[in-house]
Amino acid sequence: MKKVNAVVVGAGAAGGIVAKELSTAGLSVVLLERGRWYTANDCRKDDLRNQRTTVLGNAFGPDDEGNPRVVWDPQTGPRTLLPSEGGYQNNAACVGGGTLSYGAMAWRYMPQDFRMRSIYGAPAGSSLEDWPITYDDLEPWYEKAEYEIGISGDYSGSPFFGPRKRPLPMPPLAPNREFQILEPAAKRLGLHPFHIPMARNSVPYNGRGPCMRCRWCVGFACEVDAKNGSQNTVIPTALATGNCELRTECMAKEILTDDRGRARGVAYFDADGRLQEQPCDIVIVSACAIESARLLLNSKSRLFPNGIGNRHDQVGRHLQGHHYTGAVGFFDFDTYDDVGPGASIAVADYNHGTPGLCGGGALCNEFIRLPIQMIDRLPVNTPRWGLAHKKAMRSFYKRNIAVMGPTQPIPMADARITLDPAVRDKWGMQVARISGNVHPHTFEIGIVQAQRSEAWLKEAGAVSTVVNAGRPTTVSAGQHQAGTCRMGNDPQGSVVNRNCQVHDVDNLFVIDGSVHVTNGGFNPALTIMAIAYFASDSLVRNWNATGFRS
Amino acid sequence: MQSSRDGVSLTRRQFVAAGAMGGAALAVGCTGHNQGDWDFLNDEQARTLTAICDQIVPADDFPSASQAGVLTYIDRQLARHYRRHRNAYRDGLSSADAMSWQRHGRDMAALSAPQQAQLVAAIEKENSAFFNLVRSHTLEGYYGAPRHGGNRDAVSWRMVGMGEPPVRGRAQYDERKGAAS
């Protein structure tokens, strides 16, 4: 196979941006994606088979056949799970990755989110650290992501975010009814509500039309292509340069190294299951936190017997997601107006500054709940079945608001990805084993956040509420997975440096949520994108200076 | 389909016939199962499962689970995505009938509605794994997308007040195409 300059593994939020930045800078790029490329025609409004409700499978990968993972539950031991089962911690496997079907909340993290250890100190048992970069380092790249991917919304109601040079490129969507109910209540509580930033066209942008405000959003592909991900922005741009080749249904097997320990290419299984080797000058791993770690661990050689980049047993550790807590409020008037996407209003007053808590998180109203998502979210004491359950569905479907938010996760070294010794996937590779739990302090923050959600709903007129602040027994990762190839200055305590370059392999990069040191109190997509632009910039400058020849 | 609103006053057979008259192509393969017509269930299992499902979602002025096609949903998935649950259904349904014989000397399907409700409560207590499975699948079939054979004519969506969306987009073509896997 002809050698190329760069192989990017994974065509998701980060990989698409890296491919675009490298190919527009003149590098030849092969972009490998294990999933397929879906279009708006693949938008099935199937509430039992999408990326959020998966009882009949994942709409956008991976398929249930041949892609198991193992989760280590302290109570039950190892369990082998299908991709559509909850504990699998799935994101997606397709061109665009999670950004094809996400809800598309696109936040900037706050300046404090990069300096968690300095501000709060590390709670016992945690591996809380500062990032080696700051909000100011990322600010220009947040802006670039906001403009190239296309973000609508309005932060101006909230004084808690870091400085920015330009406003968002698109105004927010017009407020839906939940926004109108929740906004005055938040203000009465002294909070600062604002319009959630979303990677969704509110006006024509980037050659595509605006959101038609349907009820099938989070978990679904957008049928009018108004939701912005890498699949309809940067990847088409990369392909248009003529320098980037996208190969779908190609599963990376390992990063190949030469006898000096430098990356020399990527071995992968193509769509027909044949093993291929793509030689290259540099390798970028952007497969999402769990699979990126797994690929590094599966890349064993004489110089890297425990996996490439894993000399100090850091690959796979500090796995984080977001522990979501909140409340559902039930009202004696209709709150449902069938105006999607539903999620519209946020407060960021609680992300930092509560005495005794290491951070907090944003609180938002939830996306439109389809009826199937309501069956276990009815008022307290509703019977689980029978006429009373049916009547409660009828009474409350249009009369409830859910407020919830992602709790700032406190990382732990023991929450981690390893290779399962026994279970293999359909290509014969060892699968990811997920072990560890959520740090107890994360639960403490989550409980306070749920109480705050309840207070907001009561102020808005809820006649009854249900508080959701459970304590799962296993780690939370899922679509917000992060942290498995931590960024840091100390090679013994991290996997990549501030430029996302693996410490002891200078032509190997990990660029995705894996490098997050902490995961903020917000959905991580925009930060993953900003880091992809930031790291691509230094990579291209390095390439132009040295060509990574050594 | 107007008929489903009056479902309570019709027998199941009349309801099915009315549905077919309503012209819904969806009704084909969803209803009116003849002997041996199921993908996985046998007729005896189907009768017992109907009794359980119709306690989970009973009829009022909107149809019961079985009237809305939930049996079709479950049967179809037991032949497809829920193949892994086949044994649970075989064992669970036969143990439900065994319980019915023990307590009432009859098949579950032959019991009165209050007796069936009591029996389902007993199953929930004594065989909770099976009950939770059937409950989940029943509610999926009743409240989920009609394309999978349940929620006939989107009846539960109309029940909760979620009308046809103002912009239908592709939905109309998808519905016409019928079931997905």
**Request:** Having 2 or more residues that are touching a helix residue (DSSP H, G or I) at 6+ places or on another chain (Cβ under 8 Å) is the bar; report the strands (runs of 3 or more DSSP E) wholly within region A:51-164 that clear it.
**Result:** A:69-73, A:77-81
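Quick one: which of A:G316, A:G265, A:G261, A:G329 is in contact (Cβ under 8 Å) with a residue 60 or more places away in the chain, farther than 30 Å from A:A415 by Cβ, of a type in the set (G, A, S) and not assigned by TED's automatic domain parsing to the domain that holds A:A402? Full working, then the answer.
On the way: A:G316 fails: farther than 30 Å from A:A415 by Cβ; A:G261 fails: farther than 30 Å from A:A415 by Cβ; A:G329 fails: not assigned by TED's automatic domain parsing to the domain that holds A:A402.
A:G265 is the lone residue from the list that is in contact (Cβ under 8 Å) with a residue 60 or more places away in the chain, farther than 30 Å from A:A415 by Cβ, of a type in the set (G, A, S) and not assigned by TED's automatic domain parsing to the domain that holds A:A402.
Does A:R399 count as farther than 26 Å from A:V495 by Cα and either of a type in the set (K, R) or modelled with pLDDT under 95 (or both)? Full working, then the answer.
Numbers: farther than 26 Å from A:V495 by Cα: yes; either of a type in the set (K, R) or modelled with pLDDT under 95 (or both): yes.
Against the criterion (farther than 26 Å from A:V495 by Cα and either of a type in the set (K, R) or modelled with pLDDT under 95 (or both)), A:R399 qualifies.
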**Message:** Can you go through A:A545, A:A462, A:A532, A:A469 and tell me which one is among the aliphatic types (A, V, I, L, M) and free of Cβ contacts under 8 Å to residues at least 12 places away in the same chain?
**Reply:** A:A545
**Prompt:** Taking only pairs six or more apart or across chains, which ones have beta-carbon atoms under 6 Å, a first residue in region A:212-227 that is away from chain B (no Cβ under 11 Å), and a second residue that is assigned to a loop (DSSP other than H, G, I, E, B) and basic (K, R)?
**Reply:** A:V218/A:R52; A:G219/A:R52
**Message:** I'm checking my understanding of the structure. Among residues of region B:149-174 that are over 19 Å from A:Y397 (Cβ atoms) and out of contact with any Lys or Arg (no Cβ under 7 Å at 6 or more places or on another chain), which one is modelled with the highest pLDDT?
**Reply:** B:G169
**Message:** Which of the numbered conditions does A:E65 fail, given that it passes all the others? Conditions: (1) under 30 Å from A:W141 (Cα atoms); (2) within 14 Å of chain B (Cβ to nearest Cβ); (3) charged (D, E, K, R).
**Reply:** (1)
**Request:** Among the numbered conditions (1) touching a Pro at 6+ places or on another chain (Cβ under 7 Å); (2) modelled with pLDDT of 55 or more, tell me where B:D97 comes up short.
**Result:** (1)
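Among helices (runs of 4 or more DSSP H) lying entirely in region B:47-150, which contain 2 or more residues that are within 14 Å of chain A (Cβ to nearest Cβ) and loosely packed, with under 15 Cβ neighbours inside 10 Å? Explain how you work it out, then say what you get.
Numbers: elements: B:70-78, B:86-104, B:113-126, B:128-143.
Helices (runs of 4 or more DSSP H) meeting the threshold: B:113-126, B:128-143.
Going by the conditions given, is A:M116 farther than 28 Å from A:K227 by Cβ, touching a residue at least 40 places away in the same chain (Cβ under 8 Å) and aliphatic (A, V, I, L, M)? Before the answer, list the steps.
On the way: farther than 28 Å from A:K227 by Cβ: yes; touching a residue at least 40 places away in the same chain (Cβ under 8 Å): yes; aliphatic (A, V, I, L, M): yes.
Yes: the conditions hold for A:M116.
From the residues in region A:28-47 that are touching a Phe, Trp or Tyr at 6+ places or on another chain (Cβ under 9 Å), more than 8 Å from every other protein chain (Cβ to nearest Cβ) and of a type outside the set (D, E, K, R), which one is surrounded by the fewest Cβ atoms within 10 Å (Cβ to Cβ)?
Among those residues, the one meeting the criterion is A:Y38.
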**Asked** A:S202 fails exactly one of the following numbered conditions: (1) within 14 Å of chain B (Cβ to nearest Cβ); (2) surrounded by 20 or more Cβ atoms within 10 Å (Cβ to Cβ). What is the number of that condition?
**Response** (1)
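The values are calculated or read from the model by the stated rules, or taken from the named source; none is laboratory data. Values in this document were obtained by computation on a predicted structure and should not be read as measured data. FYI the Cβ positions are ideal-geometry reconstructions off the backbone, even for glycines, and counts take in every protein chain you see.
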